[in-house]
Amino acid sequence: MSTIVVIGGGAAGFFGAITCAQTDPTARVLLLEKSGKLLAKVRVSGGGRCNVTHHCFVPTLLSQHYPRGARQLKEAFKAFGSQETVDWFSERGVQLKAEADGRMFPVTDNSETIIECLLQEAKRVGVQIRTGAGVEGIVPEETIAGQQKFKLQLSSGESLKADKVLVSTGGNPKASGYDWLRALGHKIQEPVPSLFTFNVPSSPLKELQGVSVPKAKVRVAGQKLEYEGPLLITHWGYSGPAVLKLSAWGARLFHEQQYTFTALINWIPDYTEESLREHLQAYRQAHPKKVVSTNPLFGLPQRLWKALTGLTGVPEEVRWAEMPGKGTNKLVEALLRLPVEVKGKTTFKEEFVTCGGIELGSVNMKTMESRVQPGLYFAGEVLDIDGITGGFNFQAAWTTGYLAGKAMAGALV
C-alpha cells in the first residue's frame, strides 16, 4: 500500500486527495491542514456563496483569464475544465447556476454546500484528514530498492513517511514562506499581491462613495494596460471588477512602481472622442435651455454627472446654449480620460490572491509532478498561477488538484 500525503486542506488539496483515493482505492491518502479550519477560502469566497467556477467551457478561452499560467493551463483545461467541474459536482448532488457575468455558484447560494460535498466525498473514498498538522520540511529519502520516498517534518516534532507528496499550501505573501520548497531545488517567482483596489487620497469623486457604473474602462497612463467592466467609487478610491482585474494583469508592474501611478478613467467606453463631441453638439442643439449639470447623459448616475460637469469649472446653472467651448473640452476630458493619482492599494480580502510561487518551468503541467524532485507534486495557488475574479482561481485549483491526484494514483504518466 502506497502512502500519499497531501499538504494543505484547501480546494486544490481536497480535490487532489479525493481524486487520488478514488482512482487508486488501495492507496492510503492522508490530508494535513496546519490550521484548525478546512476549506477556509471556499467558505468566504463570493461573499459566502462560493464562486465555484466560470461559465466558460472552451479551454483556450478559459485560459485567457489567467495573467500567470495561461499557456500551461490551456492543455490542462482540456483534461479537466469548467464543464468537468460542473459535471463533477452535479454527479454528487450539487447543482451549479451561472449568473449574467458568467460566475457560477451552487443553487443554494451557500458555500457550505460545496464544503459539505467535498468533506462527504473525502470520507466516502477514504481520505484521512488531520487538522493542526503543519509541515515544516520535506526530506527526500532513497530506499534500498532505489525507490524515492519522503520524510515529512511536522511542526509538532512528529515525522511521517510518504511515497508521494502533494503540496497545495496556497499562496504566501512572503518569499520566505517558500523557503522549504526552495530548499528542494525549486525556483520561486517572488510573491506580490494581485486583485486589489486603488487608493486615491486626492480623488475628486471621493464624496460619491457607493456610486457605480456598469461599464467603464480604466487605463494606466503610459502603459498598454487597461480593463473594461463595472466600476465602483469608494471612500478610499476605486474598486469593482474593472479595477480588480486590471490589478491582476498589472500586479508585477504596480509592485515595481510601489503602487504609485496615474490611472485614466473612461466613463463611456462605447464613445470615441469624435462620436462624443457629435453627440454633445446634437444634444446642445436639441435642448439648448436644459441646465448642463442637472440633466445627466449616457445613463450616468445623477451624482456622478454633476461631479464631472463640476470639474469643467463652469457654473452649475449654465444651460447648454451658454456652454463655452472650453467647458465642453474639459467635459470631454473628464468623461473619456479622467486622471486619478493612485497612491497605494487596499486588499480585496475575500478574493485575496498572490501572484508568484513555484516557477512553472519546474513542473510537468500534464501531471503536476516536480521536474526537480520526482514524487513531489503541486496544485493550486502555491504555483505561479493566478486568475482574475470570476471563479477562475478555484477552477485552477480543481484542475491542478485533479491532474495531481490522477498522476499520484498512477493514472497519468
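Results, tabulated for the structure shown:
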| read-out | value |
| --- | --- |
| Qualifying position, being in contact with a helix residue (DSSP H, G or I) (Cβ under 6 Å, 6 or more places away or on another chain), buried (at least 16 other Cβ atoms within 10 Å of the Cβ), closer than 30 Å to T23 by Cβ and among the small types (G, A, S), among A396, A379, A407 | A379 |
| Residue under evaluation T26, criteria (1) surrounded by fewer than 19 Cβ atoms within 10 Å (Cβ to Cβ); (2) under 29 Å from R252 (Cα atoms); (3) more than 14 Å from the chain's Cα centre (by Cα), criterion not met | (2) |
| Count of residues meeting criterion [among the basic types (K, R) and closer than 16 Å to L412 by Cα] in the range 71-93 | 1 |
| Any hit, the range 346-356, residues being of a type in the set (K, R), in contact with a strand residue (DSSP E or B) (Cβ under 9 Å, 6 or more places away or on another chain) and over 21 Å from T85 (Cα atoms) | no |
| Among the candidates T169, T143, T131, residue that is more than 24 Å from the chain's Cα centre (by Cα) and either modelled with pLDDT of 95 or more or not assigned by TED's automatic domain parsing to the domain that holds G401 (or both) | T131 |
| Residue satisfying all of: in the range 221-240; outside any loop (DSSP other than H, G, I, E, B) and touching a residue at least 60 places away in the same chain (Cβ under 8 Å); surrounded by the fewest Cβ atoms within 10 Å (Cβ to Cβ) among these | S239 |
| Output for the range 56-91, where each listed residue is in contact with a Leu (Cβ under 9 Å, 6 or more places away or on another chain) and in a loop (DSSP other than H, G, I, E, B) | C56, Y66, G69, F80, G81 |
| Residue satisfying condition, being farther than 30 Å from P230 by Cβ and among the aliphatic types (A, V, I, L, M), within set I138, I114 | I138 |
| Test: residue in the range 87-94 that is surrounded by 15 or more Cβ atoms within 10 Å (Cβ to Cβ) and either closer than 30 Å to G361 by Cα or in contact with an Asp or Glu (Cβ under 6 Å, 6 or more places away or on another chain) (or both) | yes |
| Answer residue from the range 35-54, given it is farther than 19 Å from S90 by Cβ and basic (K, R) and is surrounded by the fewest Cβ atoms within 10 Å (Cβ to Cβ) among those | K37 |
| Selection status of K161, surrounded by fewer than 16 Cβ atoms within 10 Å (Cβ to Cβ) and in the same structural domain as G36 (by TED's automatic domain parsing) | yes |
| Where I265 falls short, out of the listed (1) in contact with an Asp or Glu (Cβ under 9 Å, 6 or more places away or on another chain); (2) under 30 Å from V353 (Cβ atoms); (3) buried (at least 19 other Cβ atoms within 10 Å of the Cβ) | (1) |
| Scan of the range 190-205 for residues that are more than 12 Å from T234 (Cα to Cα) and either free of Cβ contacts under 8 Å to residues at least 24 places away in the same chain or surrounded by fewer than 18 Cβ atoms within 10 Å (Cβ to Cβ) (or both), ordered by number | E190, V192, S202 |
| Pick from the range 167-186, criterion part of a loop (DSSP other than H, G, I, E, B) and of a type in the set (A, V, I, L, M, F, W, C), ranking: farthest from G405 (Cα to Cα) | A183 |
| Only one of A76, A70, A100 that is of a type outside the set (S, T, Y) and either touching a strand residue (DSSP E or B) at 6+ places or on another chain (Cβ under 7 Å) or surrounded by 18 or more Cβ atoms within 10 Å (Cβ to Cβ) (or both) | A76 |
| Unmet criterion (only one of (1) over 20 Å from E381 (Cα atoms); (2) touching a Pro at 6+ places or on another chain (Cβ under 7 Å); (3) crowded, with 17+ Cβ neighbours inside 10 Å; (4) not polar (S, T, N, Q)) for P214 | (3) |
| Residue tally, condition under 28 Å from P374 (Cα atoms) and either among the hydroxyl-bearing types (S, T, Y) or in a loop (DSSP other than H, G, I, E, B) (or both), over the range 1-53 | 16 |
| Output for the range 7-30, where each listed residue is touching a strand residue (DSSP E or B) at 6+ places or on another chain (Cβ under 9 Å) and either closer than 22 Å to S45 by Cα or not assigned by TED's automatic domain parsing to the domain that holds T131 (or both) | I7, G8, G9, G10, A12, G13, F14, G16, A17, I18 |
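The values are calculated or read from the model by the stated rules, or taken from the named source; none is laboratory data. Please read these numbers as outputs of a predicted model, since none were measured by experiment. No Cβ is skipped: glycine too gets one built from the backbone with ideal geometry, and neighbour counts run over all protein chains shown.
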